[in-house]
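One structure below.
The values are calculated or read from the model by the stated rules, or taken from the named source; none is laboratory data. Since this is a predicted model, take the numbers as computed values, not measurements. Note: ideal-geometry Cβ built from the backbone for every residue, glycine included; neighbour counts use all protein chains shown. Surface areas here come from the heavy atoms of the whole protein model, side chains and all, with no ligands, DNA or RNA. Shrake-Rupley method; radii C 1.70, N 1.55, O 1.52, S 1.80 Å.
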Amino acid sequence: RWGRRLREYDQVVLVWWVPTIQGPVYLNMLKAMGRQGPTVTVICHNVLAHQPRRGDRALTRALLDRVDRIITHTDEQAEVARSLAPGVDVRTTGLPLILQGKAPVPSTRKSLSHQLVFFGFVRPYKGLDVLLRAMAAAPSVKLVVAGEFWGGVEPYQEIIEELGLGSRVTIDEGYVPSEAISGLLSHADALVLPYRNGTASWNVALAHAHGIPVIATSVGSLSTQVDDGVDGLLCQPDNVQALAKAIKHFYSPGVAAKLRQSVPKLKTDKTWQNYLQALLED
């Protein structure tokens, strides 16, 4: 029914990241629209799911083969899209920063809190378990973990208990609303993104918008969003020792302050201009 309604439009934009859920729905809509219907653009946050399921690749290929344009957020994801749909126009643009309400005011706090933060939807590929194990090598540092947990919080609580981190790790389980992000980040020295793999993330820009540096792994867009040694630190993914070393280096005398001074100021106009240009240009 929706597919038939959409025949009246000039352009339809689909957002894609969970093939087994969205695939059948989108394919039926596209079939109902017909090949002579509106121009169809699909925005791929992830071309293939981070935790792939059986049939993901076939569903993704079937969808991408029926659209006119694909937008990805990294060159790596663009290559994946081209491999699945070689005849489709693939465009790459940075991920624009979405801020709800007033623009954040960067913290003016001068002293270190010796507190790091990890927040967002907690899934295995984001490497929270790696971060917890790295925390055992940084005894003077605390960590706040805030977000919804994929598959439950219990496996992470077991690691915390195993390593004796109960007094240094706080878990605030549940969705983090936009209005709570400023408070969460303003008390932290840095945001940590210990991803095992990934495509693109808003979190680097969010941290920088709040005036704090980022400690991240060199995967996906993180390796280009974080300027290693300038506004944050990068390390190897899925490597406890490498992440622990980065955290220790961050708290070496003068390092955190130097990184904080170099955090880029918030700039959103260009990212949205590039995004709209990729979406609308013929």
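Brief remarks follow.
- Residues of region 221-251 satisfying the condition of being touching a Phe, Trp or Tyr at 6+ places or on another chain (Cβ under 7 Å) and within 17 Å of residue 93 (Cα to Cα): 222
- Residues within region 145-179 that are among the hydroxyl-bearing types (Ser, Thr, Tyr) and within 16 Å of residue 127 (Cβ to Cβ), tallied: 1
- Residues of region 120-152 classified as aliphatic (A, V, I, L, M), touching a strand residue (DSSP E or B) at 6+ places or on another chain (Cβ under 6 Å) and open to solvent by 10 Å² or more (accessible area, probe 1.4 Å), total: 1
- Just one residue in the set 223, 201, 218, 167 is within 24 Å of residue 49 (Cβ to Cβ) and without any contact (Cβ under 8 Å) to a residue 12 or more places away in the chain; that residue is 223.
- Qualifying residue in region 112-130 (condition: over 22 Å from the mean Cα position of the chain (by Cα), outside any loop (DSSP other than H, G, I, E, B) and not small (Gly, Ala, Ser)): no
- Here residue 215 clears all of (1) assigned to a helix (DSSP H, G or I); (2) touching a helix residue (DSSP H, G or I) at 6+ places or on another chain (Cβ under 6 Å); (3) farther than 22 Å from residue 92 by Cβ; (4) of a type in the set (A, V, I, L, M) except the condition numbered (1).
- Checking each residue of region 273-280 against the condition of being closer than 21 Å to residue 133 by Cα and surrounded by fewer than 13 Cβ atoms within 10 Å (Cβ to Cβ) gives no match.
- Of all residues in region 5-51, those being loosely packed, with under 15 Cβ neighbours inside 10 Å and of a type in the set (Gly, Ala, Ser) number 1.
- Considering residues of region 74-90 that are small (Gly, Ala, Ser) and in a loop (DSSP other than H, G, I, E, B) only, the residue surrounded by the fewest Cβ atoms within 10 Å (Cβ to Cβ): 87
- Some residue of region 257-277 being within 20 Å of residue 141 (Cβ to Cβ), of a type in the set (Lys, Arg) and either in contact (Cβ under 8 Å) with a residue 24 or more places away in the chain or assigned to a loop (DSSP other than H, G, I, E, B) (or both): yes
- Hits in region 223-243 - residues which are among the β-branched types (Val, Ile, Thr), over 18 Å from the mean Cα position of the chain (by Cα) and not in a loop (DSSP other than H, G, I, E, B): 240
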